[in-house]
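Scroll down for the structure; my scribbles are underneath it.
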Ligand code: PMP
């Protein structure tokens, strides 16, 4: 089956899809992106993801390449063409193509819009065996709230994790606190049973899954505290887990080689994942 990508107004063969060599995303990482999860042909949390895309664009003063309505149409058309039942929709907007210069182009430039889809396995309520984490220094800039394609520190942290046999890296700030994962938000459950995740500010990305999980925790009447927590505290926690559009809720069973709790996925992460999977089942299937 042909796989399509959307590139600046056209649906093209994914293998042939390309952008100009002077696209500012390619040369300067001058662009933003979003990833929306798809389960059983349904988009998960489309509206907050597109709201965050708008916010990222505004922060960088990049114009929206198409209206919200048109973007919604393009997403659905690409899903249909690629028969995407389980996976993700990736969308990227860059400032566009211009003669290389760090400053914004002075002549009007059309922002570039690219969408791709990726198939992944069908995510189920079962949490699986859990994952291992490796801690890494957080060497990123001070605007981690913007979802930019400038991901080199995240790339290096994730690679260091993978080379040590861990799945994800947790990034540690200058005072020893965990900000977030290389591509996920970080959570712990304390010995007292409190859910803890770092507050959102310029130091982390406000994960959409994180936001949805906050409401789920509220419905379940779990106590949630948004505050910094240290690596030492995480290692002592009863449970730990990560969240993202593509990992949902995934338990952390090891941090830097030490087991978290009894070294097995815990009940809170299990429950939250179940509820999140139930949440993903709402709405109309596109494919
Ligand atoms: N933090 C970072 C750095 C990320 O890249 C991601 C994934 N986009 C997240 C957190 C999780 O965000 P979301 O739940 O919106 O996927």
Checked segment 1-144 against the a/c 1.5 cut and the a/b vs b/c comparison, axes a ≥ b ≥ c from its Cα gyration tensor; verdict oblate
Taking the DSSP beta bridges in the chain as the whole, what percent of them are antiparallel, to the nearest 5?
80
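Would you mind computing the Rg to Rh ratio of segment 107-192 from its alpha-carbon coordinates, Kirkwood style for Rh? Could the numbers behind the result be given before it?
Numbers: Rg = 16.4 Å, Rh = 15.5 Å.
Using only Cα positions, Rg/Rh for segment 107-192 is 1.06.
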Between helix 267-280 and the chain: long-axis angle, C-alpha atoms, 0 to 90°, nearest 10
30
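So if each residue of separation counts as 0.36 nm, and I subtract the Cα-Cα distance between residue 232 and residue 151, what length gain in nm does that give? Write out the running numbers ahead of the final one.
On the way: separation 81, 0.36 × 81 = 29.16 nm, distance 2.65 nm.
The residue 232-residue 151 span can extend by a further 26.5 nm.
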Separation of the residue 223 and residue 70 label points, Cα + 7 Å toward Cβ, nm:
5.1
In degrees from 0 to 90, rounded to the nearest 10, what is the angle of the helix 68-81 Cα long axis to the longest principal axis of the chain?
80
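Given a Förster distance of 25 Å, report the FRET efficiency between residue 163 and residue 141 from their Cβ-Cβ distance, rounded to the nearest 0.05. Kindly include the intermediate steps, with their values, before the conclusion.
Details: r = 24 Å, r/R0 = 0.96.
So the FRET efficiency works out to roughly 0.55.
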Counting only DSSP beta bridges fully inside segment 131-198, the antiparallel percentage to nearest 5 is 50
Cα-based convex hull, the chain, per residue volume (Å³, whole number)
132
Multiplying the sequence separation of residue 55 and residue 214 by 0.36 nm and subtracting their Cα-Cα distance, what value in nm do you get?
55.2 nm
Degrees, to the nearest 10: 152-163 long Cα axis against longest axis of the chain:
50
Once you have a ≥ b ≥ c as the square roots of the Cα gyration tensor eigenvalues for segment 148-197, tell me rounded if a/c is under 1.5, and otherwise prolate or oblate according to whether a/b is larger than b/c.
prolate
If you find the alpha carbon centre of segment 122-150 and of segment 179-240, how far apart are they in angstrom?
12
Binned Cα-Cα distances of segment 136-263, short to long, each 10 Å bin given as a whole percent:
13, 48, 34, 5
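Read-outs throughout are calculated quantities, based only on the coordinates presented, and are distinct from any laboratory measurement. These numbers were taken from a predicted model, which means no experiment stands behind them. As a convention, Cβ positions derive from the backbone with ideal geometry for all residues, glycine included, and neighbour counts pool all protein chains shown.
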